[in-house]
Amino acid sequence: MGILPGEHQVDEQIMEALKLFEIFVICALIALVAVAVICLLLWRRKRRRGARKSREDQGAAKTAVCENTEELSAPDNDFGTIVVEKEIVFVHTDEVIE
Amino acid sequence: MDFLISASTDAGTRKATNQDSLFVSRLLTCRGKMVFAVLCDGMGGMEKGELASATLVKAFCTWAKERLQTLQEREIADADIRAQWEDIIFRQNEKIIAYGVQNGILLGTTVTAMLLTEKRYYILNVGDSRAYEITDALAQLTQDQTVVAREVALGNLTSEEAEKDSRRNVLLQCVGIKEDVCPEMYFGDTKPDAVYMLCSDGFRHEISPQEFVAYYEPACMTGEDVLRAQSEHLIALNKQRNEKDNISVITVKVCC
């Protein structure tokens, strides 16, 4: 079959358009993946912050119950031959790790 | 020679809990008067920081009651204090780590401990709480074990940049987190008429060295009520300037 005048030029134009479309699709896919990764990172960060705040709130509640701040100006501690003239203590829990 | 002592602490404006623990006592011994002080800053972002700080403070109190008497009967050697205080840190570090593992939580604390005799001071430090000596100038006696302090030492940051660096609260060392804790010791001669100050990082972030010297000018510290009033003023100033952390300070004035 013979080639009509101008037919070759049309083929080249189609090929060029297809190449441009291919580049566009690849760019769109890359952008989509980047957005998905950013969303995932933001979501994980938000979740970690939420968990940390929850832990802190839990700690606050426990501390408020057992707060014990005291200043001892007349200590009765037995230091042997050492005389304790004055002692000041501030602790904020009754618990101690044994 | 005599000593005036004072201690103050405040939860600050943002935190619901105060995780700091403090202990200071003035003792009369056969070698004259002494002051023993410990300040622990429970870790802010961690659970039960106040438990870690209280545990360590109580361990040092127990040491004072059980070991200081024997120690002060002869001249106190730097090496003896170092060995005994390091032993406290290693034992308490193991205990706190084990507690954290058992309960599935993270907890830790910084510590600055000081024994001040008429002749010498003995200081132990882990983390970013500090000890200062105030005369007509402010002298920092301890070095922070933090990322920014290391960067300053390496020449990668200036002190001014370090104060504003976002990593200024990141510790290289603290008690209760890692097994290989490395306490640092500092020794020196007690200066007559000086004011010695132990403080948590929350007490010093918003206050300049010049303000510390102005507020605690040794000649004006004539009584324990004055020391305490100045500390309360500085705590209020910190809160005005939006300090977010717990705020704690111990002050000792040497009187000749």
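Observations on the structure shown:
- Of all residues in the stretch B:113-146, those that are within 14 Å of B:V195 (Cβ to Cβ) and β-branched (V, I, T) total 2.
- When restricted to residues that are facing chain A (nearest Cβ under 7 Å), in contact with a helix residue (DSSP H, G or I) (Cβ under 9 Å, 6 or more places away or on another chain) and surrounded by fewer than 19 Cβ atoms within 10 Å (Cβ to Cβ), the stretch B:12-28 contains 1.
To keep it simple, each residue is scored yes or no on (1) of a type in the set (G, A, S); (2) part of a helix (DSSP H, G or I); (3) in contact with a Pro (Cβ under 9 Å, 6 or more places away or on another chain); (4) at pLDDT 95 or above.
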residue: B:F203; (1), (2), (3), (4): no, yes, no, yes
residue: B:E206; (1), (2), (3), (4): no, no, no, no
residue: B:L227; (1), (2), (3), (4): no, yes, no, yes
residue: B:E232; (1), (2), (3), (4): no, yes, no, yes
residue: B:A236; (1), (2), (3), (4): yes, yes, no, yes
residue: B:E243; (1), (2), (3), (4): no, no, no, no
residue: B:S248; (1), (2), (3), (4): yes, no, no, yes
residue: B:T251; (1), (2), (3), (4): no, no, no, yes
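- B:L39 vs. criteria aliphatic (A, V, I, L, M) and open to solvent by 20 Å² or more (accessible area, probe 1.4 Å): no
- Residue satisfying all of: in the stretch B:127-136; more than 16 Å from B:G202 (Cα to Cα) and at pLDDT 95 or above; surrounded by the most Cβ atoms within 10 Å (Cβ to Cβ) among these: B:I134
- Within the stretch B:218-236, being surrounded by 14 or more Cβ atoms within 10 Å (Cβ to Cβ) and either touching a residue at least 40 places away in the same chain (Cβ under 8 Å) or of a type in the set (S, T, N, Q) (or both) holds for B:P218, B:M221, B:E224, B:L227, B:R228, B:Q230, B:S231, B:E232, B:I235.
- Looking only at residues of the stretch B:240-251 that are of a type outside the set (V, I, T) and crowded, with 18+ Cβ neighbours inside 10 Å, we find that the one that is nearest to the chain's Cα centre (by Cα) is B:S248.
- Qualifying position, being facing chain A (nearest Cβ under 9 Å), open to solvent by 10 Å² or more (accessible area, probe 1.4 Å) and either of a type in the set (S, T, N, Q) or assigned to a helix (DSSP H, G or I) (or both), among B:A98, B:A64, B:A52: B:A98
- Residue under evaluation B:K33, criteria (1) open to solvent by 20 Å² or more (accessible area, probe 1.4 Å); (2) at the interface with chain A (Cβ under 7 Å from one of its Cβ atoms); (3) farther than 16 Å from B:T110 by Cα; (4) not small (G, A, S), criterion not met: (2)
The values are calculated or read from the model by the stated rules, or taken from the named source; none is laboratory data. What you see is a predicted model, and the numbers here were worked out from it, not measured in a lab. Glycine also receives a Cβ, built like all others from the backbone with ideal geometry; neighbour counts cover every protein chain displayed. Calculation scope for accessible area: heavy atoms of the full protein, side chains included, ligands and nucleic acids excluded. Shrake-Rupley method; radii C 1.70, N 1.55, O 1.52, S 1.80 Å.
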